[in-house]
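A.B. asks: One structure, pasted below without further comment.
The numbers here are math on the coordinates, done by the rules we state, and not lab data. Computed from a prediction, not measured in an experiment: that's the story for all the values here. Using ideal geometry, Cβ is built from the backbone for each residue, glycine included, and neighbour counts are taken over all protein chains shown.
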Amino acid sequence: MIKINLLPHREERRKQRKQDFYTLLVFAAIVGVLILILVGFFNASQISVQNARNVLIKDANAKLDEEIKEIATLRDQIEGLKARQQAVEDLQGDRNQPVYLLSELVAQTPEGVYLRNVKQDGQRIVLTGYAQSNERVSEMLKNLISHSDWLNKPDLIEIKATGIGQGKESKRVFDFTINVGIKRPRDQDATAAAMGASAPVNPAAVKQVVKP
């Protein structure tokens, strides 16, 4: 009977499998390292692209900030020009204010009221004078409120009884001080435009216009 010893063959196969395993393990490690390197390169390229985009956005934002500053500067210059233009227009319009003021004071000062001093401070007028009674002062205030086109918002600052003259010619009067505003021509034009816009339409006038 022939006996065959298979142990050496099994040992060789075991060694071969172990060697194949180590080879496969080394190959997997190499592949893993290559994958990591590729992923690293990819991430680096993406970061580089994103950094380039960030730099582009930063430059664009800086440019926009400069343009915004220029726009703000231009806006300030335009507002300054408008303010100077308005000041010139006000100066031209205010030249006629004394005429309007004197005309309104003549029209709105009732009988029995004597103005002894008129002082202007900006757009406010201080009126001081004498009145025969409190009712005369009240009448003047009502006229300034309701009937004056150029004077508005009157305030009675002070009123007190006093006497003028001496002896038989002395009279008991009321010394008063009134503070009243004066409108500029542009304010008067704006008021007139607003009243014209809010005025009701007359149907009869419309019919007359559209009548063939």
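A.B. asks: Do any GluC sites (Glu not before Pro) in segment 93-155 lie in a DSSP loop with no more than 15 other beta carbon atoms within 10 Å, and if so, which? Can you show the working numbers first?
C.D. replies: On the way: sites: Glu104, Glu111, Glu135, Glu139; in loops: Glu111.
The qualifying sites are Glu111.
A.B. asks: Of Val113, Ser103, Phe176, which is farthest towards the positive pole of segment 97-187's charge dipole, taken about the Cα centre with +1 and -1 on the beta-carbons of Lys, Arg and Asp, Glu respectively?
C.D. replies: Positive-most Cα among the choices belongs to Phe176.
A.B. asks: Also: Along the principal axes of its C-alpha atoms, what lengths does segment 97-187 span, in descending order and rounded to whole Å?
C.D. replies: 51, 22, 21
A.B. asks: Would you work out which of Val33, Leu56, Ala83 lies farthest towards the positive end of the dipole of segment 13-95? Charges go on Cβ: Lys and Arg +1, Asp and Glu -1.
C.D. replies: My answer, from the dipole projection, is Val33.
A.B. asks: Report, in cubic angstrom per residue, the convex hull volume of the C-alpha atoms of segment 13-95.
C.D. replies: Per-residue hull volume (Cα only) is 53 Å³.
A.B. asks: Please give the charge dipole size of segment 97-187, origin at the Cα centre, charges +1 on K and R Cβ atoms and -1 on D and E Cβ atoms. Round to the nearest 20 debye.
C.D. replies: The calculation lands at about 140 debye.
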